[in-house]
Each structure stands twice: as structure tokens, then as C-alpha cells.
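Everything below concerns the one structure shown next.
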Amino acid sequence: MFIQTEETPNPATLKFLPGKTILAEGTLEFKNKEEAKKVNLAEQLFSDKNVKGVFIGKDFLTITKSLDVEWDSIKPTILSIILDFFSSGGKIEKDPENIESTADIETNYSKEEADMVKKIKELLDERIKPAVAQDGGDINFVKLDKGVVFLELRGACSGCPSSTITLKSGIENMLKYYIPEIVSVEAINQ
């Protein structure tokens, strides 16, 4: 097995591509060692004290490191953990009971707002998420409130220096173009 790596726009985050499907659907994100206990691979990755975040997508993982260490010093350890996990037949099972997310807060929307939310989710799924996944991240809809769209940035997007530009110049402009009633787009975790 050969694991490729790719840089992301976030210098603290590196994308690892094991060349196989990791999750059949959805994504998983772990921001600390305690959360990582829910998934064996994530827990193993957090055994390195320099790992500060693990994000698992369909066919990639992004690892966020502490700022006081260089990738050259921790990358071999991370590659070894990932290689050992998959070489020994490890699989990641997504158990929604154990995974928390702030995405899609239940809100009672009017008919007009419900239609807007449906359009927002379609645009996110069809146009925005695929582009963001290429950079090792994900964006989830959280809620719509008085024309303001709240999104959760995950993986490489969370804490990325260019995420504000992407959010305002890219995502906000696209959503406003297709849904003129949108006032602005805000990240809940920037």
C-alpha cells in the first residue's frame, strides 16, 4: 500500500490519501484525544502529542498538527500509523450515535425559509463540498436565521488562513447569486 500526501491551503493540515475508500458516506472529525476514542484509527493518530485534529473523508484523511512542530518530523509516524491500520485490515465504522456535529440544527422554518434551506443544501452538496473536499475539508449547513446562513467549517477548512476569503468571496457570492434573499454567510467555528 502506498499513501500519498498533499498539502492543503492550511499549512498546519496535511491530506493523506491511502488509495481506498475509508468511509462509505459522510465525514468524521475529531478535535481532541477524548473525541478520538470513538474511532480506533483516530485514537491511534492522537497518540502523537503533536496531532491536534483528525478529519476523515470518503477517501482521505487530513491531520492537523501543532504549530510548534514541522511536518518533516511527524509525517513518518503518521504515515506508519495509517499504513499499519489499513494493512492489518482496519475499517472505520461510522456510528452516528457516537459522533457529534453542530451541523443542521433543527429549526422550525416557514415554507419560504424551508425552500431556501433546501436550495442552500443542494448548492453546498453539488458545487461547494466537492471543491472543498479537494483541499481536505468539508462544510456543513448549520442554520438559516433572518437571511444569514451559518456554516460549520471542518477538516482543513477549520482554522485555515484563507477560509474567510473562501467563505465570503466564494461561498457567500455563489449563494447570493442563486438565492438573492441571503444577506450573508457566517462560519460558526472560524
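Could you figure out which of (1) among the charged types (D, E, K, R); (2) touching a residue at least 24 places away in the same chain (Cβ under 8 Å); (3) surrounded by 14 or more Cβ atoms within 10 Å (Cβ to Cβ) isn't true of LYS33?
The single condition LYS33 does not satisfy is (2).
Any idea which residue in the range 1-40 is farthest from LEU67 (Cα to Cα), counting only those that are over 12 Å from the mean Cα position of the chain (by Cα) and among the basic types (Lys, Arg)?
LYS20
Residue by residue through the range 33-83, note down the ones that are in contact with a Lys or Arg (Cβ under 8 Å, 6 or more places away or on another chain), over 16 Å from GLU6 (Cα atoms) and not in a strand (DSSP E or B).
Selection gives GLU43, PHE46, ASN50, SER66.
Looking at ILE120, ILE74, ILE92, which is the one that is at pLDDT 90 or above, surrounded by 13 or more Cβ atoms within 10 Å (Cβ to Cβ) and not assigned by TED's automatic domain parsing to the domain that holds ALA156?
So the residue among ILE120, ILE74, ILE92 that is at pLDDT 90 or above, surrounded by 13 or more Cβ atoms within 10 Å (Cβ to Cβ) and not assigned by TED's automatic domain parsing to the domain that holds ALA156 is ILE74.
Which one of the conditions (1) small (Gly, Ala, Ser); (2) in contact with a strand residue (DSSP E or B) (Cβ under 6 Å, 6 or more places away or on another chain); (3) at pLDDT 90 or above does ALA103 fail to meet, given that it meets all the rest?
Against the list (1) small (Gly, Ala, Ser); (2) in contact with a strand residue (DSSP E or B) (Cβ under 6 Å, 6 or more places away or on another chain); (3) at pLDDT 90 or above, ALA103 comes up short only on (3).
The conditions are (1) closer than 18 Å to ALA12 by Cα; (2) loosely packed, with under 14 Cβ neighbours inside 10 Å, and LYS146 fails exactly one of them. Which is it?
With (1) closer than 18 Å to ALA12 by Cα; (2) loosely packed, with under 14 Cβ neighbours inside 10 Å applied to LYS146, the lone miss is (1).
For GLU7, are the conditions met, namely being under 18 Å from ALA156 (Cα atoms) and free of Cβ contacts under 8 Å to residues at least 12 places away in the same chain?
Yes.
The values are calculated or read from the model by the stated rules, or taken from the named source; none is laboratory data. Computed from a predicted structure; not experimentally measured. Neighbour counts are summed over all protein chains in view; Cβ atoms, including those assigned to glycine, are modelled from backbone coordinates with ideal geometry.
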